[in-house]
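Would you mind keeping the following structure in view while I ask a few things?
Nothing in this text is a laboratory measurement; each read-out follows from the coordinates by a stated rule. On a predicted model such as this, the values are computed, not experimentally measured, just so you know. Please note: Cβ atoms are built from the backbone with ideal geometry, for glycine as well, and neighbour counts cover all protein chains shown.
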Amino acid sequence: MKPNHLLAGLLGLLLSACGPGTGGSGLTTESHGYLALAGAKSAPLCSAPWADQLACGLPPGSSGVSPDHPGTAKVLYASSASNPEFVLSFEGNELKLEGGCPRLSYSGEWGQPGSGAAAFFGGYLDAGLIQPVLAMGTVQALAPSSDGTPRLQLELRSASGQVLALLQLQKLSSGAQASPRGCP
């Protein structure tokens with residue numbers, strides 16, 4: 001076999017683990033198990049300080065959320081209203097982020113780490129990783145846009161504290177379907 005054939009075979013083998021768009025497996029992240037890995041316990045997302053940005057179905061004026069609250073109905077946020085680079089979805093007590101070029105993904109579950117602040121704990125995956133790594137996601141409500149559209153900031157940090165992503169996203173209208181734009 002010529003060296004060029006060996007190189008081509010090796011390249012094909014390496015690309016098979018890179019994800020969608022490169023002929024790869026398209027591995028995704030799942031939040032299961034990351035709470036325990038972070039030493040956190042599941043908590044109701046609708047108890048978050050910014051839960052009014054979600055669709056929790058709480059009666060007006062209610063003072064608390066029960067520990068077994070099922071979470072929010074699906075709510076989408078995106079980096080822009082049309083052809084967004086990133087799409088963030090909240091559903092139940094979880095969030096999922098997809099987007100970027102090269103692609104990154106994060107899937108996390110809302111949890112409480114002992115006496116620490118509640119946050120999302122889940123798996124982060126990007127083009128430089130072979131499998132997801134533990135990451136923590138925090139969300140902060142921002143002032144609405146000039147047209148009154150609700151906005152959030154999402155910050156993802158690795159277990160060592162390195163900032164992996166810092167995004168400002170706007171809420172999409174109810175019933176909107178969105179997916180991140182494709183990479184060139």
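Taking 0.36 nm per residue of separation and subtracting the Cα-Cα distance, what length does fully extending Q162 through S174 add?
The span from Q162 to S174 would gain 0.9 nm if fully extended.
A follow-up question, please. Where does each of 39-47, 160-168 land if you order them by average Cβ count within 10 Å, highest first? Present the calculation step by step, with values, prior to reporting the outcome.
Working: 39-47: 18.8, 160-168: 12.0.
Result, highest mean Cβ count within 10 Å first: 39-47, 160-168.
Report the charge-dipole magnitude of the stretch 26-171 in Debye, nearest 20, computed about the Cα centre from +1 at each Lys and Arg Cβ and -1 at each Asp and Glu Cβ.
Values: 7 positive and 11 negative charges, 21 e Å.
Magnitude of the dipole: close to 100 debye.
What's the exposure ranking of S80, S107, going from fewest to most Cβ atoms within 10 Å?
Working: S80 13, S107 24.
In increasing order of surrounding Cβ atoms, one gets S80, S107.
Another one. List S173, S89 from most exposed to least, where exposure is judged by having the fewest other Cβ atoms within 10 Å.
On the way: S173 8, S89 18.
Fewest-to-most Cβ neighbours within 10 Å comes out as S173, S89.
Would you mind computing, in nm to one decimal, how far apart the modelled labels at S115 and A81 are, each placed 7 Å from Cα along Cα→Cβ?
In this crude spin-label approximation the distance works out to 4.7 nm.
Which order results if R151, R103 are arranged by neighbouring Cβ count within 10 Å, fewest first?
Numbers: R151 16, R103 19.
By the 10 Å Cβ count, ascending: R151, R103.
Run the numbers for W50 and T138: contour at 0.36 nm per residue of separation, minus the present Cα-Cα distance, in nm.
Working: separation 88, 0.36 × 88 = 31.68 nm, distance 1.08 nm.
My answer for the length gained is 30.6 nm.
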